[in-house]
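The values are calculated or read from the model by the stated rules, or taken from the named source; none is laboratory data. These numbers come from a predicted model, not from an experiment. Please note: Cβ atoms are built from the backbone with ideal geometry, for glycine as well, and neighbour counts cover all protein chains shown. Protein only, heavy atoms only, side chains kept; ligands, DNA and RNA dropped before computing areas. Shrake-Rupley method; radii C 1.70, N 1.55, O 1.52, S 1.80 Å.
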Amino acid sequence: MRLKRSEICALIYVLNSGGVTHPRDIARKFGLRPETVSRMLSHLEDAGLVKRKRDGRRIALPKSEPAESFKRLYYTHRASPLTDILRGRRIALIHSLDRDPKGVSELSGETGIPAKTLYFHLKDLIRLGIARKIKNKGMKGFLYSFNYTLWADLKSFVTALLEHEARQLLPEDAVLIKIYSNSILFRSQMQLDATPTSFSVYEQHGIDLGVRDYYTLPKRELSIRDVFIHSLDSAESISHRLYCILFYLKYRDDLSDIRHPAMRRIRAVLRGVHVRGYPSLDEVKTRAVMYEIES
């Protein structure tokens with residue numbers, strides 16, 4: 001999901017107009033042609049940010065989560081340059097930034113934004129207090145995290161916006177797990193025209209769990225790394241995390257450089273450290289024998 005500066009300006013105009021206005025007023029305010037305003041409003045409507053009134057001549061803010069979260073963001077940060085903060089690919093970057101610090105290479109991989117461009121965006125986000133820059137201990141370079149203390153409403157808006165977009169692609173029974181820069185991960189009991197992933201394809205790799213309901217869209221061929229990351233993001237229980245560790249042990253050579261918050265805990269377990277919410281090393285070794293995996 002990307003928003004243009006003109007779309008953000010139009011959204012703010014609708015909000016400041018009492019939540020209801022006419023397309024011609026937007027055209028007059030910003031010097032736009034009617035067809036341009038029509039395309040703009042169609043995009044905002046698809047994003048759940050505006051809706052057309054029954055008379056077909058006015059537009060309003062709906063009672064959707066994206067629109068409600070935008071109002072909270074605007075009322076909290078109306079003095080901030082939201083048209084710059086939310087434009088273009090910055091939505092993807094804000095979504096990728098989190099409490100756990102990440103390096104530029106990891107952010108680039110998640111967002112698809114080239115490293116050189118990322119530095120430019122990060123500099124602006126740091127200046128505005130949205131991102132934090134942290135020295136990478138023992139290594140070169142810096143790590144970056146999201147400032148929830150000041151900008152929780154911004155994170156909520158971006159999350160609501162991307163979830164609304166993702167849900168348009170999913171069946172009614174689906175549970176959305178994670179949104180990536182170019183794909184979504186979800187669970188569904190229905191047989192779908194989507195790519196099975198996560199624990200649903202562990203059987204193909206010699207770890208039969210009898211699970212069939214994890215999918216990703218759009219459809220594509222997945223690598224070992226894709227499947228592993230999807231399972232890390234899907235893991236909700238100790239047994240799930242046990243199978244993630246077994247998968248990691250089986251394909252350690254391919255997965256040794258994976259950067260994911262769960263990897264610190266997995267490596268700790270494999271050193272014999274007790275980690276809350278994770279299996280013990282003895283449990284890992286016992287199950288590894290069953291699947292003929294070297295531990």
Please state which of the following conditions T111 fails to meet, knowing it meets all the rest: (1) closer than 22 Å to K4 by Cβ; (2) modelled with pLDDT of 95 or more.
(2)
Any residue in the stretch 85-98 that's at positive phi: show its pairings with residues that are of a type outside the set (K, R) at Cβ separation under 8 Å, as long as the two are six or more apart or on different chains.
G88/L3
Determine whether L11 is free of Cβ contacts under 8 Å to residues at least 60 places away in the same chain, crowded, with 18+ Cβ neighbours inside 10 Å and not in a loop (DSSP other than H, G, I, E, B).
yes
Looking only at the stretch 36-82, which residues are within 18 Å of A152 (Cα to Cα) and open to solvent by 30 Å² or more (accessible area, probe 1.4 Å)?
E65, E68, K71, R72, Y75, T76, R78, A79, S80, P81
Among the residues of the stretch 17-29, write down those that are surrounded by 17 or more Cβ atoms within 10 Å (Cβ to Cβ) and not small (G, A, S).
T21, P23, I26
Given the criterion more than 21 Å from F70 (Cα to Cα), in a strand (DSSP E or B) and in contact (Cβ under 8 Å) with a residue 24 or more places away in the chain, identify the matching residue among L122, L143.
L143
Please go through the stretch 210-249 and give me each residue that is farther than 12 Å from I266 by Cβ and either touching an Asp or Glu at 6+ places or on another chain (Cβ under 7 Å) or of a type in the set (D, E, K, R) (or both), ordered by number.
R212, D213, K219, R220, E221, I224, R225, D226, D233, E236
Within the stretch 219-236, residues being of a type outside the set (V, I, T), open to solvent by less than 60 Å² (accessible area, probe 1.4 Å), farther than 21 Å from K285 by Cα and in a helix (DSSP H, G or I) number 4
Subset of the stretch 42-68 (residues that are in a helix (DSSP H, G or I) and farther than 17 Å from Q168 by Cβ):
E68
Quick one: T216 ticks every box in (1) outside any helix (DSSP H, G or I); (2) open to solvent by 40 Å² or more (accessible area, probe 1.4 Å); (3) among the β-branched types (V, I, T) bar one, so which box is it?
(2)
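What do you reckon, is L32 within 17 Å of L162 (Cα to Cα) and either open to solvent by less than 60 Å² (accessible area, probe 1.4 Å) or outside any helix (DSSP H, G or I) (or both)?
No; evaluated as a whole, the condition is false for this residue.
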Condition met for Q204 (open to solvent by 50 Å² or more (accessible area, probe 1.4 Å) and within 28 Å of R287 (Cα to Cα)):
yes
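From the list S239, S156, S200, S181, which residue is of a type outside the set (A, V, I, L, M, F, W, C) and in a loop (DSSP other than H, G, I, E, B)? Walk me through how you get there before you give the answer.
Values: S239 fails: in a loop (DSSP other than H, G, I, E, B); S156 fails: in a loop (DSSP other than H, G, I, E, B); S200 fails: in a loop (DSSP other than H, G, I, E, B).
None of the others qualify; the one that does is S181.
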Between residues in the stretch 271-286 that are in contact (Cβ under 8 Å) with a residue 12 or more places away in the chain and residues that are part of a helix (DSSP H, G or I) and open to solvent by 50 Å² or more (accessible area, probe 1.4 Å), which pairs lie under 6 Å by C-beta distance while being six or more apart or on different chains?
Y278/R241; Y278/R265; P279/I238
Name every residue in the stretch 247-284 that is open to solvent by 60 Å² or more (accessible area, probe 1.4 Å) and more than 24 Å from G109 (Cβ to Cβ), in order of residue number.
R271, V273, H274, R276, D282, E283
Scan the stretch 242-275 for residues that are of a type in the set (D, E, K, R) and either assigned to a helix (DSSP H, G or I) or over 22 Å from R99 (Cα atoms) (or both) and jot them down.
K250, R252, D253, D254, R264, R265, R267, R271
